[in-house]
1. Look through segment 220-243, keep the residues that are closer than 22 Å to V158 by Cβ and part of a helix (DSSP H, G or I), and return whichever of them is nearest to ligand 1 (Cβ to nearest atom).
2. I need a count of the residues in segment 169-189 that are within 16 Å of ligand 1 (Cβ to nearest atom) and open to solvent by 10 Å² or more (accessible area, probe 1.4 Å).
3. Is segment 109-118 home to any residue that is on the phi > 0 side of the Ramachandran plot and either part of a helix (DSSP H, G or I) or not basic (K, R) (or both)?
4. Being open to solvent by 10 Å² or more (accessible area, probe 1.4 Å), within 14 Å of ligand 2 (Cβ to nearest atom), modelled with pLDDT of 95 or more and not hydrophobic (A, V, I, L, M, F, W, C) narrows it down to one residue among G232, G236; which is it?
5. For segment 378-419, name all the residues that are more than 22 Å from S337 (Cβ to Cβ) and under 27 Å from the mean Cα position of the chain (by Cα).
6. Residues to consider are S354, S370; find the one that is in a helix (DSSP H, G or I), polar (S, T, N, Q) and open to solvent by 70 Å² or more (accessible area, probe 1.4 Å).
7. So I310 clears everything in (1) touching a His at 6+ places or on another chain (Cβ under 6 Å); (2) part of a helix (DSSP H, G or I) except one condition, right? Which one?
8. Would you check which residues across segment 26-50 are aromatic (F, W, Y) and modelled with pLDDT of 95 or more and list them?
Amino acid sequence: MKTVYTCFCTDVIHEGHLNIINEAKKLGSVTVGVLADAASIRYNRFPLVSLEDRVKMAEAIPGVDHVVIQNEIMYDEVFAQLHPDYIVHGDNWELPSMQAIRRNIIKLTEQYGGELVEIPYTQNDAVQKNDRQMIEKLAMPEFRRGRLRKLLKMVPIVKTIEVHSGLTGLLAEKTVVVDGEVIDQFDCMWISSLCDSTEKGKPDIELVDMTSRFRTIEDVMEVTTKPIIFDGDTGGLTEHFVYTVRSLERMGVSAVIIEDKTGLKKNSLFGTEVVQTQASIEDFSAKIAAGKKAQLSDDFMIIARIESLILEHGMEDALNRARAFVAAGADGVMIHSRRKEPDEVLEFCDKFRSENKHTPIVVVPSSYNSVSEEELAAHGANICIYANQLLRAAFPAMENAAKSILKHHRAKEIDSELMPIKDIITLIDEL
Ligand code: SPV
Ligand code: MG
């Protein structure tokens, strides 16, 4: 009997999947591969249903003979282990990521034998509604909030990009890169105090109030599903911070990072060029403990940001603080540095990890930007935040356009460097 293989990356079985199984059944014995969590996240979207339950769902489909877990998006392992006679797939190959998969399957059939059978993709109102409902569910506060903790267990390092508006949120949500056979996208979003303030033409000194910062979160949340880490600056007064924690939880934010500074906060990238005061270990620990006490949900995280390296107070001070803040209840630590090289951050990670195996470490490689995610993960870092790149990319492009129009007294000269409005509009979903 011939063998047939098809891969499912879905949280619900709809008529389209049943159709694929029906067609597959006509060709031979059917094995369904359920795409594993980490691969699902890279390729499509975050699973709403556990892998175990997705396997059970596939097993329950009439006509399915075997169910296996497909660990990678590409089919190399499938061909090497199962040598299927047929790969059955819907003919919906529009996205570049889908085309890369198709190329991979064709390459493997040439290498191992076998045939790709493409079935007309079922696209009706019910299937589309199903899809929209899944996206809607992913965006709900209850689900979105817990996603960061889940991601920390699923991926080697949580890749997080700065967003400061609905549009930048859409970029974080939808940008997918296909590099040969590697497909990747961001896991998470960072609402930076620097970029949120700069976008409003204000300095990054806790001047933009929480109501306005929350508005930015709402703008991003309205059009995205990925989890959010909020830059809470110093957290403000402890008496105020406890309210911030509740508001963020209610909105569906996954984590707040607060930094151990007191008085007028300035941006860390100024380092010791400006006057900045680190909070005492006791005071900052009390703020963390109060936040944790106020927190109602189990999945929200309060992460303590340590400014000892920024303020040149030394590695021992940084490590002492990390120990104290974790003891006070912090769910993670962020270590920041403004050196050009990653050495001191990697040293911190190594030393902290040697005594604490599990508390997540957050890093922000803005100035030490030559370090790779892989290297950071190898030293025990769990979340990598690209804290300001989208804003810094936009500003020079906008300034350039403004100057060109002023210089030429018309917009023709700059037009070739601008994105067509039609392309921008396709980013935006209409109901
Ligand atoms: C931010 O993005 O606002 C941060 C990171 O706090 S940094 O600007 O490097 O201090
Ligand atoms: Mg900040």
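The values are calculated or read from the model by the stated rules, or taken from the named source; none is laboratory data. As the structure is a prediction and not an experimental result, all values here were calculated from the model. Cβ coordinates were reconstructed from backbone atoms using ideal geometry, including for glycine residues, and neighbour counts include every protein chain displayed. The accessibility values were calculated without ligands, DNA or RNA, using every heavy atom of the protein model including side chains. Shrake-Rupley method; radii C 1.70, N 1.55, O 1.52, S 1.80 Å.
1. The qualifying residue nearest to ligand 1 (Cβ to nearest atom) is V220.
2. Total meeting the criteria: 1.
3. yes
4. Numbers: G232 fails: open to solvent by 10 Å² or more (accessible area, probe 1.4 Å).
Selected residue: G236, the only one of G232, G236 that is open to solvent by 10 Å² or more (accessible area, probe 1.4 Å), within 14 Å of ligand 2 (Cβ to nearest atom), modelled with pLDDT of 95 or more and not hydrophobic (A, V, I, L, M, F, W, C).
5. Hits for segment 378-419 are A393, A394, F395, P396, A397, M398, M419.
6. S354
7. Every condition holds for I310 apart from (2).
8. none
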